[in-house]
Amino acid sequence: ISAMTFGTPGSNTLYTADTDGVIIEWNGSTGKAKGRVSVVGEKDADVTGKVHAGATVTALTFHDGTLYSAGWDDYVRTTQGRSCTDKLKMESQPNAMTCGTTLIVVMTVEGLVLIRDKQIASELIRLPYSATAVCLSKDDSVLYVSGDDCNIHVYSVASSGSNPLSESHVIKGGHLKPVHSLSLSHDGTKLAAADVRDVCVYSTSDYSPIVSKGRWCFHTQRIGCLSWSPDDTVLASGGNDDDIYLWCIAKKMKRIHYRFAHRGGVTGLRFVGDAVSGGAGDWMLVSTGNDGSVNWWSVEENVTSKFK
């Protein structure tokens, strides 16, 4: 499994994608698969349901009732329900996506592409570094981009123009290696960033470190996913070392460690929160990995005993 995202809040819907280009819709509360996404108007010759022509799906994001998937076939495809109806051609290979309220940003190997209303809204925005992760604020106003220069670049986003990005700040010296995962807290006050060892947290008001490098440094390989708990008190991280860690802003010296969570590495991580109905998801964590598994973790007891 190469990517994961939730559907509409309260819908109990979870989507996963794999390295064969297949996308699956799940019931997020029961853990049972609903079915495969199929491409409308294209013949499925081998009856496998590949949405991205057998290419790895690198990112999934759900926005305004539509599932967006990016794959190494150089397309971003749009799906409603389990029917994929449209596609947008990228100039280069897409590797990540992030969305706000009306805007979706696609990170490719050559730069960034902006999407609005299911249409490409900008030219390919080339950067003076290779982007490694992206994260957009909920109001579409601020974009965070990490690069192979080990820095995190902060951009103000304009509502129109061929290049609507204006760099307003650079977070320097926070990491010794390139950042591979970025995540904003739900209230937008904290930015989490992770590289191959360190998980750091910055204040978005002045970009000062809340948790600096050398503190949350127990992963041994690339950290590819981060997720904040619904109340923003706990941060989860998953890495290629097969492990998941839980960290607490209020108890920085403590951690919860789930060893061997996914053989081959963790590829997706999300607190369920309001994605399922009934209010039962606040301390339920969903993870996906290179072992082809989707795991549901009830972490409330561990969080209560360790962090409360």
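Here are the numbers:
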| quantity | calculated |
| --- | --- |
| Inter-probe distance in nm under a simple model that places probes 7 Å from Cα toward Cβ, at Ala158 and Ser203 | 3.1 nm |
| Cross-link reach list, lysines versus Lys251, counting only Cα pairs under 18 Å and skipping chain neighbours closer than eight places | Lys190, Lys213, Lys306, Lys308 |
| Per residue accessible area in Å² of the chain, where ligands, DNA and RNA are left out and the probe is 1.4 Å | 43 Å² |
| The chain - mean residue ellipticity at 222 nm from DSSP helices (-39,500 (n - 2.57) per run, n ≥ 4, rounded to 500) | -500 deg cm²/dmol |
| The stretch 191-300 shape via C-alpha gyration tensor axes, a/c threshold 1.5 | oblate |
| Point-charge dipole on Cβ atoms (K/R +1, D/E -1) for the stretch 95-189, about Cα centre, debye to 20 | 100 debye |
| The stretch 131-262: C-alpha gyration tensor shape, a/c 1.5 cut-off, then a/b vs b/c | prolate |
| Thr101 paired with Ser298, simple spin-label distance in nm, labels 7 Å along Cα-to-beta-carbon | 3.8 nm |
| Global geometry of the stretch 5-163, whether rounded, prolate or oblate, following the gyration tensor of its Cα atoms and the 1.5 cut on a/c | prolate |
| Cα→Cβ-extended label distance, 7 Å offset, between Asp232 and Asp282, nm | 1.6 nm |
| Extension gain from Lys138 to Asp64, taking 0.36 nm per residue of separation minus the Cα-Cα distance | 25.3 nm |
| Cross-link partners of Lys118 among lysines (Cα-Cα below 28 Å; sequence separation of 8 or more within a chain) | Lys34, Lys43, Lys50, Lys87, Lys89, Lys138 |
| The stretch 157-308, relative contact order in percent, only Cα pairs under 8 angstrom and at least six apart counted | 14 percent |
| Sites Ile210 and Ser38, calculated FRET efficiency, Cβ-Cβ separation with R0 45 Å, nearest 0.05 | 0.50 |
| Theoretical FRET efficiency, 1/(1+(r/R0)^6), r = Cβ-Cβ of Gln221 and Ser305, R0 35 Å, to 0.05 | 0.80 |
| Backbone HN-Hα couplings from phi across the stretch 81-90 [Karplus 6.51/-1.76/1.60, Hz, Gly and Pro as x] | x, 10, 10, 8, 10, 9, 8, 10, 7, 9 |
| Cα-centred dipole magnitude for the chain, charges only on beta-carbon of K, R (+1) and D, E (-1), debye, nearest 20 | 720 debye |
| Given charges at beta-carbon only (K, R positive; D, E negative), |dipole| of the stretch 112-166 in Debye | 120 debye |
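The values are calculated or read from the model by the stated rules, or taken from the named source; none is laboratory data. All of these numbers come straight from a predicted model, not from anything done at the bench. Quick reminder, even Gly has a Cβ in these numbers, built from the backbone with ideal geometry, and neighbours come from all protein chains shown. Each accessible area value is taken on the protein alone, full model and side chains, heavy atoms only, with ligands, DNA and RNA left out. Shrake-Rupley method; radii C 1.70, N 1.55, O 1.52, S 1.80 Å.
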